[in-house]
Amino acid sequence: MTFCGDLQGEPLSPVEDPGGLHPAGSVIDHRHGTAGALSPRALPVAEPEPPRDGRGLALRDDVALMRRVGEGCQASFAVLVERHAAALYRVAARMLGDGHDAEDVVQDCFARMWQNAPRWQPTGAGLVGWLHRVAMNLCFDRKRRFRVVVTDEVPDCADQAPLADRLIEQRQACAQVAAALADLPERYRAALVLCYYENFSNALAAQVLDLNIKAMESLLFRARRQMRELLEARDITCRDVAFAGAADFANSPAGHAFATGAGPRA
């Protein structure tokens, strides 16, 4: 896949929040993807989970767990937090460029999941799509309400042990790529984050962003083209894109596709 070419797409309608409820409470430790203290304000008291079910909860699929969450099962809620917190945090952090803001988004997202669980119905996108759609809406809302600044400065390593030249170059390239991503319009950034960083199929990303496939492909095309222009303005090559994300992005199937010119999965 390349960032070149031109394609006219129809205007995209804004995404509406499928949750529709105000978030409440702190529910997770996002850094480790583990359940934290459950706020009484957000989560009503539930009966203890029968011991015979506890050890098998992690093997259940999202739909089965959400049904139990809708009945007030905090153990099932904790399993879903363990399962999805890390991915939601990655998306929010890349959308907002700030770890603390990403924490707030993830906690709000799981608060809404708890509140909506009694009436949640599975769709083709599943719980993964629903959670990412809520997270994206929260990111869009936060970006509109607060000016989020992403810096392209390289961290000061003067007080640390000398780093190898390769590591320093990698950090510099990573900062440049992150800054270019932050300069994209939010919808373009969302498309690239979902399809390249998170390796979503076009179909799943389209459901998250409330688009049809044709509109999603148009959005991706324009996002890639503008991203390439931003990278070229910073003298960043496709090799640098892969080099910058060696820890996660470039080593993923999506990262290899991004650097070599192949497209995401349809």
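Every read-out reported here was derived from the displayed coordinates using simple, explicitly stated rules and does not represent laboratory data. Predicted model only: the values in this text are computed from it and were never measured. Cβ sites come from the backbone with ideal geometry, for glycine too, and all protein chains shown count toward neighbours.
Below are the figures for this structure:
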quantity: Neighbour-count order for VAL63, VAL208, fewest beta carbons within 10 angstrom listed first; calculated: VAL63, VAL208
quantity: Sorted by Cβ density within 10 Å, fewest first, the residues LYS214, LYS143; calculated: LYS214, LYS143
